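Worksheet: the structure to be examined is printed underneath.
The values are calculated or read from the model by the stated rules, or taken from the named source; none is laboratory data. Model, not experiment: these values are computed from the prediction. Backbone-built Cβ (ideal geometry, glycine too); neighbour counts: all protein chains shown.
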Amino acid sequence: MASVYFDLRKYGQAREQYIKLEQKGDATAATYEQILELSYNLKLSDDVVAYAEKFKKADPKAKVSFYVGKVEYDRDNYGEALKHLNAAAKESPENAEVPYMIARSYADMQNYKQCIPFFQKAIALDTSKNNWVYELGLIYYAIHDDKNALKCIIDAGNKGYRRDNDYLENLGIAQLNVGNLDEGVNILNEILKKRPSDINILNMIAEAFYYKGKFQQAIDHWDQILSYDMQNASALYMIGMAYQKKGDKDKGQRLCDKAIEMDPSLASHKQKKQMMGL
């Protein structure tokens, strides 16, 4: 009955039959392995831990550490997760999911440098996982390793990662971070074709032009923001800063003062920029 239910993909019923089989005296390693795998697939965390222990007692060579490590990871219990996942790495060194889950555990604790070697190992074991490559790119981005961030994000796209707006935004930022202004702006403009009033994207493009000394292009994009939101004091302030950089200090100062009237918190922003010489 258990086998029939399993073949029909009725996994809950299959699990119930295997448990009945155990209760009738067939407390064997094979039975426990089936219950463990079904409990894991059905996300029955407590049963995974319980039947992993029973399986291990029935067969001391049983490889159960990954199951328990994954459950502890899902519980946000990273200390226990790492203990079991490191054991799983010895049990099944060919399983790419193991170093990936170790990497995720460290990443979730914001221990980014520690997680990188495990991402790299996971990707080496399974080169088909474009999402792992993309995640590694975001980790590099978080630690300001811009060259490796860009490389991984591009690699993920080449491996088939979906080029949605989030991907394009991160790719565009990565290009800008390594100094590729034209490439970065072109990518962000792809997003604007679909989301023309996206103020965040417009601001990123404006800032990219500003810090590259292309002040008129920066002004044009901050003007677009004001066309959608006339009360956006930050955009008005940066337009004023750009005019000052262009040499029109009087006009720029008037715009900055007007922006500060709209949002007095920008006064501290002004003082900081003056101290930095921007």
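When the residues of the stretch 96-115 are filtered to those that are of a type in the set (D, E, K, R) and crowded, with 17+ Cβ neighbours inside 10 Å, the one that is nearest to the chain's Cα centre (by Cα) is R104. Among helices (runs of 4 or more DSSP H) entirely within the stretch 161-278, having at least 1 residues that are modelled with pLDDT of 95 or more and more than 30 Å from L150 (Cα to Cα) singles out 215-228, 233-246, 249-262. Of everything in the stretch 150-191, what is hydrophobic (A, V, I, L, M, F, W, C) and under 22 Å from A96 (Cβ atoms)? Give them in sequence order. Hits for the stretch 150-191 are C152, I153, I154, A156.
Residue by residue, here is whether (1) surrounded by fewer than 20 Cβ atoms within 10 Å (Cβ to Cβ); (2) free of Cβ contacts under 8 Å to residues at least 60 places away in the same chain; (3) in contact with a helix residue (DSSP H, G or I) (Cβ under 8 Å, 6 or more places away or on another chain); (4) not aliphatic (A, V, I, L, M) holds:
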residue: L176; (1), (2), (3), (4): no, yes, yes, no
residue: I187; (1), (2), (3), (4): no, yes, yes, no
residue: S227; (1), (2), (3), (4): yes, yes, no, yes
residue: Q244; (1), (2), (3), (4): yes, yes, yes, yes
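One line per residue, one yes/no per condition, for (1) surrounded by fewer than 17 Cβ atoms within 10 Å (Cβ to Cβ); (2) free of Cβ contacts under 8 Å to residues at least 24 places away in the same chain; (3) in a helix (DSSP H, G or I); (4) over 28 Å from the mean Cα position of the chain (by Cα):
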| site | (1), (2), (3), (4) |
| --- | --- |
| E33 | no, no, yes, yes |
| V48 | no, yes, yes, no |
| A52 | no, yes, yes, yes |
| P60 | yes, yes, no, yes |
| G69 | no, no, yes, no |
| Y73 | no, no, yes, no |
| G79 | yes, yes, yes, no |
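Taken over the stretch 120-160, the criterion of being among the hydroxyl-bearing types (S, T, Y) and either crowded, with 20+ Cβ neighbours inside 10 Å or closer than 13 Å to L171 by Cβ (or both) is satisfied by Y134, Y140, Y141. Within the stretch 81-110, which residues are of a type in the set (G, A, S) and assigned to a helix (DSSP H, G or I)? Matches in the stretch 81-110: A81, A87, A88, A89, A103, S105, A107.
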